[in-house]
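This report concerns only the one structure given below.
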Amino acid sequence: MPSTDAPPHEFVPVDESTPDLLQQCIDVRIAVFVTEQEFPLDTEIDKYDNPGVSTHILLRLLPSLEPTGTIRITHLSPTEKKLGRLCVLKDYRNFKFGKDLVLAAHDYLLSSRQRVESAEP
């Protein structure tokens, strides 16, 4: 359940078909992991950011569409997924958006699985 005091927001699935949104996810990750936490840039962007390997969930505020957080879902195999690269900009961490991003990723994976299962003969 989302935090009741959180500003209006949405969760948007992002992949290689939406390069502008993917760049917003990468920008949030760089702001948190590289700028704030001082991890090297060359370890932040990796092979799992290549097209077709992962899906991101982008958290953005409404109505401004300001990107404020993201989580990466890495597709290791058709049945194995890995959540990672979860981050929320510092000014928004008090709204429990991290938990909400994990739940949004979970919902995305469930709906993706249901779409695949219903398409099978």
Check your understanding: Given the residues Phe33, Phe11, which is the only one that is open to solvent by less than 40 Å² (accessible area, probe 1.4 Å) and either modelled with pLDDT of 95 or more or not β-branched (Val, Ile, Thr) (or both)?
Key -> Phe33
Review point. When you look at Ala6, is it out of contact with any Pro (no Cβ under 8 Å at 6 or more places or on another chain), surrounded by 10 or more Cβ atoms within 10 Å (Cβ to Cβ) and at pLDDT 95 or above, yes or no?
Key: no
**Study point:** Looking only at the stretch 36-72, and only at residues there that are polar (S, T, N, Q) and modelled with pLDDT under 95, the one that is farthest from Leu109 (Cα to Cα)
**Key:** Thr43
Check your understanding: Phe95 passes all but one of (1) crowded, with 18+ Cβ neighbours inside 10 Å; (2) within 15 Å of the chain's Cα centre (by Cα); which number fails?
Key -> (2)
Check your understanding: For Val28, all conditions in the list (1) in contact with a Leu (Cβ under 8 Å, 6 or more places away or on another chain); (2) part of a strand (DSSP E or B); (3) crowded, with 17+ Cβ neighbours inside 10 Å hold save one; what is the number of the exception?
Key -> (2)
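The values are calculated or read from the model by the stated rules, or taken from the named source; none is laboratory data. Owing to the predicted nature of the structure, the values given are computational and were not obtained by experimental measurement. Ideal geometry is used to build each Cβ from the backbone, glycine not excepted, and the neighbour counts take in all protein chains shown. Note: accessible area is taken over every heavy atom of the protein model, side chains too, but ligands, DNA and RNA are not part of it. Shrake-Rupley method; radii C 1.70, N 1.55, O 1.52, S 1.80 Å.
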